[in-house]
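These notes are about the structure you will find just below.
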Amino acid sequence: MADQSVAIDASPRPEASSTVPQIAVLAALAATGTLATNILLPSLPQMAASLKVTSAAVTSAITIFLAVFAIGQLVVGPISDRYGRRWPVLVGFAVFFAGACGAASPMICRAC
């Protein structure tokens, strides 16, 4: 029998690229959808009174929010597979932040 030896690759392993701050940021970004839903639900009666519409009309805001949230995941998934996750996350967060500021600006201006 021939003596066969297996070469073991002793090259050093690269360090893990995920750090605690990165994981914290990703966890916070993942929680924004749930946070937005939990902020929207208690405000529905006040929204209906302010807009002078029925509560059923305001409830459609939840349906639209969840539909856009689901479609967004279907769109962003393949984009993040192709280009990486960093830019889609940053663009998505910027759109979410701009939308939140745009929705809050009439209330802030009215309070002044």
Fill in the blank from the handout: Heavy-atom accessible area of the stretch 42-112 with neighbours in place, 1.4 angstrom probe: carbon+sulfur share in percent works out to 74 percent
Completion exercise
Phi-derived 3J(HN,Hα) across the stretch 83-97 with the Karplus relation (6.51, -1.76, 1.60, θ = phi - 60°), rounded Hz, x for Gly and Pro, is 9, x, 8, 5, 5, x, 5, 5, 5, x, 5, 5, 5, 4, 5
Fill in the blank from the handout: So the FRET efficiency between A104 and T34, C-beta based with R0 = 22 Å and rounded to 0.05, is 0.75
Problem - Stretchable slack from D81 to I62, in nm (0.36 nm times residue separation minus alpha-carbon distance) - result: 4.0 nm
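The values are calculated or read from the model by the stated rules, or taken from the named source; none is laboratory data. Note that the coordinates shown come from a computational prediction; the quantities given were computed from them, not determined experimentally. Quick reminder, even Gly has a Cβ in these numbers, built from the backbone with ideal geometry, and neighbours come from all protein chains shown. Please note that ligands, DNA and RNA were not included when accessible areas were found on the heavy atoms of the full protein model with its side chains. Shrake-Rupley method; radii C 1.70, N 1.55, O 1.52, S 1.80 Å.
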